[in-house]
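Peer 1: Have a look at this one.
Nothing in this text is a laboratory measurement; each read-out follows from the coordinates by a stated rule. All values reported here derive from a predicted model rather than from experimental measurement. All Cβ positions, even for glycine, are placed from backbone atoms using ideal geometry, and neighbour counts span all protein chains on display.
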């Protein structure tokens, strides 16, 4: 804009002298319009408007000035203003940009992460010196630092912790470390969302094989437990039967057996009035005649 102002001023001067030599009003009118245009262009060159949710960094002959907030500012025509948006920006690390990480066991995992960050207006000058532009802030600072931290955190955990048991804890660790790394540089990280973690094909095959082995082991342990319980049940049952037989053997005598025999055949003799009972008595065990009609 300042260059345009100078060119218009030169043109106005040239038109003025041309019109003066030729004594024509048209040239003088053109000179007047050129002068007005030069003044307006000069004014615009000295004014810079910073939009809402932006911060400007003025640089004059290589010297960085104080950050400019939202609004209209007067500046030198030789001052160049670089603006940074202070709105939150989402850095999505997925699809082609997915982060490939390795666990402490060497297993390969793929982590989908979203980093939400924004420029700290107070530290805009520091960011300008580190990166130079808003796009460079993400490409040179946020992206590489986030990738490095994600890999370092996953390297401290096993594969199972990475995709299952400790996923929430890993996400918290990544968020804390990213904030700690980028805050001193003027980047305010609001959230780091660990959205998805999936194992590589080779690791998934190892996981499936491990699960199958664990299931086979569980089945073998259960079968062994069942067999042991069945063996214990049979042992207890055999011991109980042996004890019962021992008690029965001690309680039985010849007289008891003889009376039991008589009772049994007396019951049978109710359907046959006279029944020969082969129980016998004495050493010869002579059969006894039982009359079922008599009590």
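Peer 1: Name all residues of region 76-108 having a backbone nitrogen under 15 Å from the label point set 7 Å from the Cα of residue 143 along its Cα→Cβ direction, giving them as ranges.
Peer 2: 90-100
Peer 1: Can you give the FRET efficiency for residue 176 and residue 224, using 1/(1 + (r/R0)^6), R0 = 41 Å, r = Cβ-Cβ distance, to the nearest 0.05?
Peer 2: 0.30
Peer 1: Here's another thing I want to ask about it. Calculate, for residue 63 and residue 185, the FRET efficiency according to 1/(1 + (r/R0)^6) with r their C-beta to C-beta distance and R0 25 Å; round to the nearest 0.05. Before the final figure, lay out each step's value.
Peer 2: Details: r = 21 Å, r/R0 = 0.85.
Result of the calculation: an efficiency of 0.70.
Peer 1: If you take the Cα atoms of region 89-199, find Rg, then find the Kirkwood Rh from the mean of 1/r over all pairs, what is Rg/Rh?
Peer 2: Value, to two decimals: 1.01.
Peer 1: Okay, moving on. Starting from the Cα of residue 215, step 7 Å toward the Cβ, then list every residue of region 88-125 with an amide N under 14 Å from that point.
Peer 2: Those under the cut-off are none; the list is empty.
Peer 1: Assuming R0 = 41 Å, what is the FRET efficiency of residue 81 and residue 168, from their Cβ-Cβ distance, to the nearest 0.05?
Peer 2: 0.40
Peer 1: Could the peptides 113-122, 180-189, 216-225 be put in order, highest first, of the mean number of other beta-carbon atoms found within 10 Å of their residues?
Peer 2: Per-residue Cβ counts within 10 Å, averaged per peptide and sorted highest first, yield 113-122, 180-189, 216-225.
Peer 1: Along the Cα-to-Cβ line of residue 100, 7 Å from the Cα, sits a label point; which residues in region 150-166 have backbone N less than 20 Å from it?
Peer 2: Answer for region 150-166: 150-160, 162-163.
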